[in-house]
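Have a look at the structure below, then the notes.
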Amino acid sequence: MNTIKHVFFDLDNTLWDFRKNAKFALAELYIKYDVETKHGFSFDEFHPYYHQSNEGLWAQIRDKEITKEELRARRFKQAFDNLGIDDDELAAIFEEEYMETITNYNEVVDGAMELLDYLKPKYSLHIITNGFIEVSKRKIESSILNGYFQTVTYADELKILKPDPRIFSHAIGKSEAKKEESIYIGDDWIADVVGSKKFGMSSIFFDRLNDNFSMDDVPTITHLDELKNYL
């Protein structure tokens, strides 16, 4: 891969540890609103329902089945309903405050900073994210990721989500890169790998959750440090 000059990353769960930071934020809200005392379910009982709801709805957004607004209206209501908590007001409060609370936590994925310090002198670094723009900007600007990236492409700005190849095309144009001199790294097989390959860009799959998807010309890593074997 000695022709690569531009390295594009996904943000959530590739560099910024969404799963960990979301859990911290939700635990804070759970305590703040005394949910266990009022409804009888512990945070550890609640969290898997939220994770299932959020992951499923984000997959539907990616597949153009629902909108951002529908996700925000449904994820906490669905999680609480499935757990057995019938409290739409609480679900609305969680949604409103969650978007602010999550960026109080800025854990990055293990190995992210060491990798970025290794790559920055050698390559131009960029981000393409499907995350909500108002939150994603704060994730980058208020964390130790700030200052590493020449461009950030937000799906919200374009109203186009990965895996749509048009978002990759826009990011390439924005960065003044060439696709044959670029590579994309992400943890979502469909949004990141299928999307970038459909556009014609080389890709590396960051298989954090052992999903075990594969494609002949797509290397797979399970830790960010392994990228040094390719770049």
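The values are calculated or read from the model by the stated rules, or taken from the named source; none is laboratory data. Just so we're clear, the structure is a prediction, and the values are computed from it rather than from any experiment. No Cβ is skipped: glycine too gets one built from the backbone with ideal geometry, and neighbour counts run over all protein chains shown. Please note that ligands, DNA and RNA were not included when accessible areas were found on the heavy atoms of the full protein model with its side chains. Shrake-Rupley method; radii C 1.70, N 1.55, O 1.52, S 1.80 Å.
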Would you point out the residue of the range 1-23, among those that are acidic (Asp, Glu) and either without any contact (Cβ under 8 Å) to a residue 24 or more places away in the chain or in a loop (DSSP other than H, G, I, E, B) (or both), that is surrounded by the fewest Cβ atoms within 10 Å (Cβ to Cβ)?
ASP17
Assess whether VAL218 counts as being open to solvent by less than 60 Å² (accessible area, probe 1.4 Å), β-branched (Val, Ile, Thr) and touching a strand residue (DSSP E or B) at 6+ places or on another chain (Cβ under 8 Å).
yes
Among the residues of the range 222-231, what is the count of those that are within 17 Å of LYS5 (Cα to Cα) and not in a loop (DSSP other than H, G, I, E, B)?
3
So, in the range 24-71, exactly how many residues are small (Gly, Ala, Ser) and either open to solvent by 60 Å² or more (accessible area, probe 1.4 Å) or not in a helix (DSSP H, G or I) (or both)?
2
Of the residues that make up the range 205-221, is at least one closer than 24 Å to LYS5 by Cβ, in a helix (DSSP H, G or I) and either touching a Gly at 6+ places or on another chain (Cβ under 7 Å) or at pLDDT 95 or above (or both)?
no
